[in-house]
Each structure stands twice: as structure tokens, then as C-alpha cells.
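Report on the following structure.
Throughout, read-outs are computed from the coordinates displayed, never taken from laboratory work. Computed from a prediction, not measured in an experiment: that's the story for all the values here. In this analysis, Cβ positions are derived from the backbone assuming ideal geometry, glycine residues included, and neighbour counts consider all displayed protein chains.
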Amino acid sequence: MLNGPNLNMLGHRDPVYYGRLTLDKLNKLIRQKAQELNVDIKFYQTNHEGNLVTLIQRQRKYVDGILLNAGAYTHTSIAIRDAIELIKIPVVEVHLSDINAREPFRRVSLIHDVCIATFSGEKEQSYLKGLEFLVNKIRTENL
Ligand code: DQA
């Protein structure tokens with residue numbers, strides 16, 4: 001589970017878009033879901049684009065898939081897009097808010113095409129559904 005910039009500020013961000021959960025509480029819900037699905041999960045959060053790129057590159061050796069909320073980098077980062085394309089393990093894009101129903105720049109996702117699916121606009125459910133989708137995909141398609 002990789003979370004990008006400002007997701008460490010959950011609980012302080014606009015509840016209309018991001019709900020009231022803190023990142024710790026969100027991670028607890030995701031861990032619970034991972035336990036139900038019988039998979040191990042590791043959590044990282046960084047505000048730095050380069051760190052996200054490095055995490056994506058490094059994790060390819062240790063994990064079967066990545067759940068990614070790249071935050072604002074979603075809309076701007078060719079470096080993150082390239083990293084996802086290069087690692088050849090499945091990445092699911094998630095967003096708490098509905099990026100298609102907000103400011104025009106948020107509708108652009110540079111990473112959309114290189115991710116196997118996108119879950120957006122369902123607050124913590126975006127993450128939980130995204131994780132379930134990723135695990136099923138890995139299991140059924142032997143990725
Ligand atoms: C976000 C949506 C992005 O547009 C925004 O920059 C974020 C969070 C979301 O989870 O809704 O930081 O990825």
C-alpha cells in the first residue's frame with residue numbers, strides 16, 4: 001500500500017472529499033481486509049515523488065502487486081507512470097474522492113492507462129475494493 005502526498009494529513013482534509021478517517025485508521029481497515037483475504041500487506045506514505053518512484057521500483061522484488069494512491073502526483077507524474085510501466089507487476093490506482101467530479105485538473109490521471117484498474121470516489125471503500133480486486137486478479141490470473 002503506497003500513499004502519496006498529503007495523505008498523512010487525513011483527518012485534517014476536507015471531509016466532503018476525504019471523510020474523517022486518519023491515515024492510521026484507514027490503514028487499520030485495509031489491514032483487516034488483507035487479513036480477511038489472507039494476504040500480507042506493507043504500508044508506506046511519502047510526500048516525495050522520487051520516493052514514490054523508488055518504492056515502486058524496489059517493491060517489485062518483494063510484492064505481487066501494489067495498491068497506489070499517488071495523490072496529486074496522479075495528475076502530473078510521468079516518472080511514476082514510467083515506474084509502474086517498468087515493474088511489470090499489477091498496480092491498482094485508488095482515490096478517496098471522485099477525481100472525475102472535481103476540478104478539471106484532477107480528471108487527468110497520467111497513471112490510469114498503466115494501472116490494471118482505478119477505484120475512485122468511495123472514500124475508504126475505494127481502497128478496500130481496490131485491494132480485493134488486486135488480490136483476485138493475482139490469484140485468478142497467476143500474475
Ligand atoms: C486524491 C485525489 C487527488 O486529486 C488529490 O491530489 C489527493 C487525494 C484522493 O484520494 O482523492 O491528494 O488522490
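Here is how the numbers come out for the structure above:
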item	result
Normalised convex hull volume, the chain, alpha-carbon set, Å³ per residue	94
Local electrostatic count, residue 36, Cβ distance below 15 Å [Lys/Arg +1, Asp/Glu -1]	+2
Cβ-based net charge around residue 5, under 13 Å, with every Lys or Arg adding one and every Asp or Glu removing one	0
222 nm mean residue ellipticity, helices alone, for the chain (DSSP H n ≥ 4; -39,500 (n - 2.57); rounded to 500)	-13000 deg cm²/dmol
Contour excess over end-to-end distance, with Cα ends at residue 78 and residue 25 and 0.36 nm allotted per residue	16.0 nm
Global geometry of region 71-143, whether rounded, prolate or oblate, following the gyration tensor of its Cα atoms and the 1.5 cut on a/c	oblate
Region 11-42-region 73-143 distance, computed between alpha-carbon centres (Å)	16
Net dipole in debye of the chain [+1 Lys, Arg Cβ; -1 Asp, Glu Cβ; about Cα centre; nearest 20]	260
Candidate lysines for bridging to residue 61, where Cα separation is under 22 Å - those fewer than 8 sequence places away on the same chain excluded	42, 88, 137
Percentage relative contact order, region 3-104, counting C-alpha pairs under 8 Å, at least six apart	33
